[in-house]
Amino acid sequence: MRFLIMPAPWRRWASNCPSPIACSCANPSAVSISCAATTCLRAYRVALGLNPGGAKERAGDFRTPEGSYRLTRRNTRSDFFLSIQVSYPNDQDMRRARRNGWQPGGSIMIHGLPNDPRHSPDYYASQDWTDGCIAVTNADMVEIWMMTSDNVRIDIQP
């Protein structure tokens, strides 16, 4: 099973897929579970880092990473409604950060809404608001939690 996040046109929903993988559709930003790059089973609106243009380069840049990672750890006691850790930084991210003398950052997650919201629901529904994570609604996070397994590959692409 693979999890792929990349901009693409919205795709049709599919109802019969023996082994789901995932892809993302953008405009608006969204992630969708699919069994092939052309067939989506689910589509979700996502919020990215506050500075969504370009790949994450270092700690504190408020960008969402781009590249190949794994979903490595599940957290039911997060500051957000459920979270699954993305294995950022990978080796390529570490080399780039080292070459530039930066700290690469970390703790990138797919997660639901904050348990203690500081903004209105409209803000979370319409803005890129994370520090670099991928956020979805709580209901969507439950589906993603149930449809993915540990060590699933996630490709985050521009």
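The values are calculated or read from the model by the stated rules, or taken from the named source; none is laboratory data. In this text, all values refer to a predicted model and were calculated from it rather than measured experimentally. Cβ coordinates were reconstructed from backbone atoms using ideal geometry, including for glycine residues, and neighbour counts include every protein chain displayed.
Can you tell me which residue among Asp155, Asp122 is more than 14 Å from the chain's Cα centre (by Cα) and at pLDDT below 95?
Details: Asp155 fails: more than 14 Å from the chain's Cα centre (by Cα).
Of the residues listed, the single one that is more than 14 Å from the chain's Cα centre (by Cα) and at pLDDT below 95 is Asp122.
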**Q.** All positions within the range 134-158 that are surrounded by 15 or more Cβ atoms within 10 Å (Cβ to Cβ) and more than 22 Å from Pro89 (Cα to Cα)
**A.** Thr137, Asp140, Met141, Glu143, Met147
Q: With respect to Ile84, determine if the residue is among the aliphatic types (A, V, I, L, M) and either in contact with a strand residue (DSSP E or B) (Cβ under 6 Å, 6 or more places away or on another chain) or exposed (fewer than 12 other Cβ atoms within 10 Å of the Cβ) (or both).
A: yes
Q. Applying the selection to the range 110-158, what residues are assigned to a helix (DSSP H, G or I), of a type in the set (D, E, K, R) and touching a residue at least 60 places away in the same chain (Cβ under 8 Å)?
A. Asp140, Glu143
Q) Does at least one position in the range 16-24 carry a residue that is under 24 Å from Pro114 (Cβ atoms), surrounded by 18 or more Cβ atoms within 10 Å (Cβ to Cβ), of a type outside the set (A, V, I, L, M) and modelled with pLDDT under 85? A) yes
Q) Out of all the residues in the range 77-92, which are charged (D, E, K, R) and either closer than 30 Å to Arg118 by Cα or at pLDDT 95 or above (or both)? A) Arg77, Asp79
